[in-house]
Amino acid sequence: MFDPMAELTGGSQSEDSSGLARGGDRGGFRGPRAGGGARGGGDRSFADEIHSVTIHAAQRTFYIDLKQSSNGKFFKISEKSRGGRKTTIMFDAEDLPKFIAALDEMKSKV
């Protein structure tokens, strides 16, 4: 099972005109794991980041990460509101087409 509180890590990023930033550095945004939590080890990560995209929206910032662990590839979508509240969901990479189809359906309703 994936740990939704694992730290978000990465390298530099650049933002394009659409408000999307690609890369990994999130300006210090980290999960609420201080002192290591149940797994111990503090900054130890259980998965390697393959690619990430940052979306700067009006009141929130979204982070979409493709990661790989010993269990395979997965997506981690995190959201940080201006108030500092953080929310994360994860799903297996094999389920990406289902999410894309659902978002395309929702897009047609907007």
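Observations on the structure shown:
- Qualifying residue in segment 26-33 (condition: modelled with pLDDT under 50 and of a type in the set (Phe, Trp, Tyr)): yes
- Scan segment 50-61 for residues that are in a strand (DSSP E or B) and under 25 Å from Arg82 (Cβ atoms) and the total you get is 7.
- Out of Ser108, Ser78, one residue alone is small (Gly, Ala, Ser) and in contact with a strand residue (DSSP E or B) (Cβ under 8 Å, 6 or more places away or on another chain). It is Ser78.
- Whichever residue in segment 76-110 is in contact (Cβ under 8 Å) with a residue 60 or more places away in the chain and either in a loop (DSSP other than H, G, I, E, B) or polar (S, T, N, Q) (or both) and, among such residues, is surrounded by the fewest Cβ atoms within 10 Å (Cβ to Cβ): Thr88
The values are calculated or read from the model by the stated rules, or taken from the named source; none is laboratory data. All values reported here derive from a predicted model rather than from experimental measurement. Because the Cβ atoms are built from the backbone with ideal geometry, glycine has one as well, and the counts that use them run over all protein chains shown.
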